[in-house]
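Asks: The structure follows.
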Amino acid sequence: MGSIDTPKNPENGSRTLPPATDAYATYDGDKNGIDGMPTRATEMTLPVESEAIKKRRASMLPLEVGTRVLCRWRDCKYHPVKVIERRKMPFGGSNEYEYYVHYTEFNRRLDEWVKLEQLDLDSVETVVDEKVEDKVTSLKMTRHQKRKIDETHVEGHEELDAASLREHEEFTKVKNIATIELGRYEIETWYFSPFPPEYNDCLRLYFCEFCLNFMKRKEQLQRHMKKCDLKHPPGDEIYRSGTLSMFEVDGKKNKVYGQNLCYLAKLFLDHKTLYYDVDLFLFYILCECDDRGCHMVGYFSKEKHSEESYNLACILTLPPYQRKGYGKFLIAFSYELSKKESKVGTPERPLSDLGLLSYRGYWTRVLLDILKRHKGNISIKELSDMTAIKAEDILTTLQTLELIQYRKGQHVICADPKVLDRHLKAAGRGGLEVDVSKLIWTPYKEQG
Ligand code: ACO
Ligand code: ZN
């Protein structure tokens, strides 16, 4: 399967244009300047019209925030973008701006600063009315999403009004930290994370890979590493199998660690709240261990008490470790904990694009494995009891795979072995197994 970050299909809503210099020769700006749509130029009029094109282009600059235009991406093809922000380059002339763009076909993690020469000015579209667009976005948000944003930035307000939402979007639209150093890796970040204001001027942050304290300068980190006596996450090691370990960290007992982890994780999670109130959460940290210590690979968080039967709040595999099966391991682990609690569980919504892919794959493999082995009829309730997967998630997974029909007031599951095999094959590899015999854990109980 290809990466969903890599736009491979230029026909899919985008177009591939020739380099800008060729485009100058073949496109003509509308002489009368009515709508700016390019038309073919004849050879005779080209020199005169080139001047007109130049003039028209100059009059567009600098581009307004909200402009839609085609932009040359790292695949050397042109993709539609929306200008989110602009800034003057330190030594540029009056028109020399950089633009922060969002590739409209792709996830926000690909948003980036680009130079003017990457933009095809002949494709500039009229500026959209931002206010109207924002209103529509706010209406599309669920109450839950609104509550989450509310918790982060406008504490004390019951509901988030359109103005606060705009403020939130405005506040998070441009990535603040571009890269982090963590252990052996330098990692490009994906999204904005609300680090304390004193870090506003930092493009790069240096993290201690064990206590997750972060610093502005490498020398500070080097000094810290000499003093820091942690060689693994704080808390209890609840699982060890080969070189893999899981630690359970109580947010109440390790507040600073929990907060540092949330700041770090938000750099890779878009629609998730930064919970300052880490007391209410347990963090499960997956590590690869060697003679230098236990190195964090990923984690998931879990509310100590969830009214909505969430068994996982946020999940992250750090980018250098992605696509190696750790995400599936973390998901499987969260369900093993639910089984030990004798509860069914579901991940907190909304799921990200990558979260949904990972969960769909996990649910498909687990459920279809059972259906393949099971003789006779099986109900959704039985499947849920066996797997700790919430009945709604079982239903939607089987419906998406078209394995379920509603007959005479009942859901009937199709279990044709050939169909099951086909879906199982498409769901891909199972990933790293959780060896339940190596899990030493008792469900959370309030102390005192
Ligand atoms: N392109 C295409 N498919 C992908 C990609 C990708 N970039 N990433 C994951 N997948 C799919 C694949 O089917 C993959 O299986 P495969 O490699 O066998 O084809 C499957 O998802 C999971 O692969 P894993 O290697 O087990 O998962 P990974 O360690 O990469 O972690 C995770 C998945 C946690 C979602 C990771 O992508 C991540 O941290 N993303 C950023 C944070 C995020 O979005 N978290 C989920 C938010 S929702 C929530 O927290 C409740
Ligand atoms: Zn440290």
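Just so you know, all these numbers are worked out from the coordinates, no wet-lab data involved. On a predicted model such as this, the values are computed, not experimentally measured, just so you know. Here the Cβ is made from the backbone with ideal geometry for all residues, glycine too, and neighbour counts use every protein chain on show.
Asks: Per 5 Å bin, what is the whole-percent P(r) computed from every C-alpha pair distance within the range 323-408?
Replies: 3, 13, 25, 27, 19, 9, 3, 1, 0
Asks: I would also like to ask the following. Under 5 Å between amide hydrogens, which residues at least 5 positions from CYS294 or on another chain qualify, with H placed 1.01 Å from N in the peptide plane?
Replies: HIS232
Asks: Using θ = phi - 60° and the Karplus curve 6.51 cos²θ - 1.76 cosθ + 1.60, what whole-Hz ³J(HN,Hα) does each residue of the range 193-207 get, with Gly and Pro shown as x?
Replies: 9, x, 5, x, x, 5, 9, 4, 8, 9, 8, 10, 10, 10, 9
Asks: Here's a follow-up. By the gyration tensor of its Cα atoms, with a ≥ b ≥ c the square roots of the eigenvalues, what is the shape of the range 379-448: rounded for a/c under 1.5, prolate for a/b over b/c, or oblate? Could you put the intermediate results ahead of the total?
Replies: On the way: a/c = 3.26, a/b = 1.56, b/c = 2.09.
Because a/c hits 1.5 or more and a/b fails to exceed b/c, the range 379-448 counts as oblate.
Asks: How much net charge surrounds LEU351 when only the other residues with a Cβ under 12 Å from the Cβ of LEU351 are counted, with Lys and Arg +1 and Asp and Glu -1?
Replies: Computed value for this residue: -1.
Asks: I need the semi-axes of the equivalent ellipsoid of the range 237-342: take the C-alpha gyration tensor, multiply each eigenvalue by 5, square-root it, list largest first in whole angstrom. Could the numbers behind the result be given before it?
Replies: Values: eigenvalues 80, 56, 40 Å².
One finds semi-axes of 20, 17, 14 Å for the range 237-342.
Asks: Let me know the whole percent of all Cα-Cα pairs from the range 196-295 that are separated by more than 20 Å. List each step's numbers first, then the result.
Replies: Details: 2130 of 4950 pairs.
So the pairs more than 20 Å apart make up 43 percent of the total in the range 196-295.
Asks: Which of the peptides 282-289, 51-58 is most tightly packed, and how do the rest follow, going by the mean number of other Cβ atoms within 10 Å of each residue?
Replies: Values: 282-289: 22.0, 51-58: 14.4.
Those peptides, ordered most packed to least, come out 282-289, 51-58.
Asks: Around PRO417, with a cut-off of 14 angstrom between Cβ atoms, what is the net charge of the other residues, counting Lys and Arg +1 and Asp and Glu -1?
Replies: Result for the local shell: +3.
Asks: Next question. Which entries of LYS227/LYS255; LYS231/LYS438; LYS253/LYS445; LYS252/LYS343; LYS226/LYS302 show an alpha-carbon separation above 25 angstrom in the structure shown?
Replies: Listed pairs above 25 Å: LYS226/LYS302.
Asks: If I take every Cα pair under 8 Å that is 6 or more residues apart in the range 327-395, average their sequence separation and divide by the length, what percent do I get for the relative contact order?
Replies: Once normalised by length, the contact order is 45 percent.
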